[in-house]
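Notes to accompany the following structure.
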Amino acid sequence: MSVPAAAIPAASSGATGTRCCPRHAPERPPRPPRKSGMGFFNSPAPEPQPVHRAGKDLTCAHCGHTAFHAGEAQLNTQGLTFLGLDWLNGTADYFACAQCGHLHWFLQVMP
């Protein structure tokens with residue numbers, strides 16, 4: 001036997017307007033859209049670019065796309081992290097495919 005929703009009392013939560021359970025909770029208003037940009041400076045994200053490495057144009061190994069977002073990442077090791085010397089770890093360049101997101105990593109090779 002089911003009880004009508006009107007017969008279920010509201011939780012005593014004061015002025016918040018919540019009900020006794022999620023089923024009887026009021027509808028939430030839609031969230032405002034997020035601002036475009038990248039973090040603190042709120043500058044627009046750079047456009048994906050073609051990449052040329054080691055004498056060749058880079059194409060995505062997954063989808064064949066030719067435009068990428070570039071970045072640099074630190075390659076942490078357990079020993080240097082344990083000693084608090086993360087800044088001594090090496091870095092690598094990465095390129096994220098603008099179409100599927102597949103990552104391509106390149107170590108910075110010394111000549």
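None of the figures in this text is laboratory data; all of them are computed from the coordinates on show. Keep in mind the model is a prediction, meaning the values are calculated, not measured. Here Cβ is always computed from backbone atoms with ideal geometry, including for glycine, and neighbour counts include all displayed protein chains.
Points to keep in mind about this one:
- Subtracting the Cα-Cα distance of residue 77 and residue 62 from their residue separation scaled by 0.36 nm leaves 2.5 nm.
- By the count of neighbouring beta-carbon atoms within 10 Å, fewest first, 93, 57, 86 end up ordered 57, 86, 93.
- Short-range pairs are left out: with C-alpha atoms under 8 Å and at least six residues apart, the relative contact order of region 47-111 is 29 percent.
- With θ taken as phi - 60° and the Karplus curve 6.51 cos²θ - 1.76 cosθ + 1.60 applied, the whole-hertz 3J(HN,Hα) list for region 47-63 is 5, x, 10, x, 10, 10, 10, 6, x, 9, 7, 7, 10, 5, 5, 9, 10 Hz, x standing for glycine and proline.
- Note on region 47-111: Cα Rg divided by 2.2 N^0.38 Å, N the number of residues, gives 1.33.
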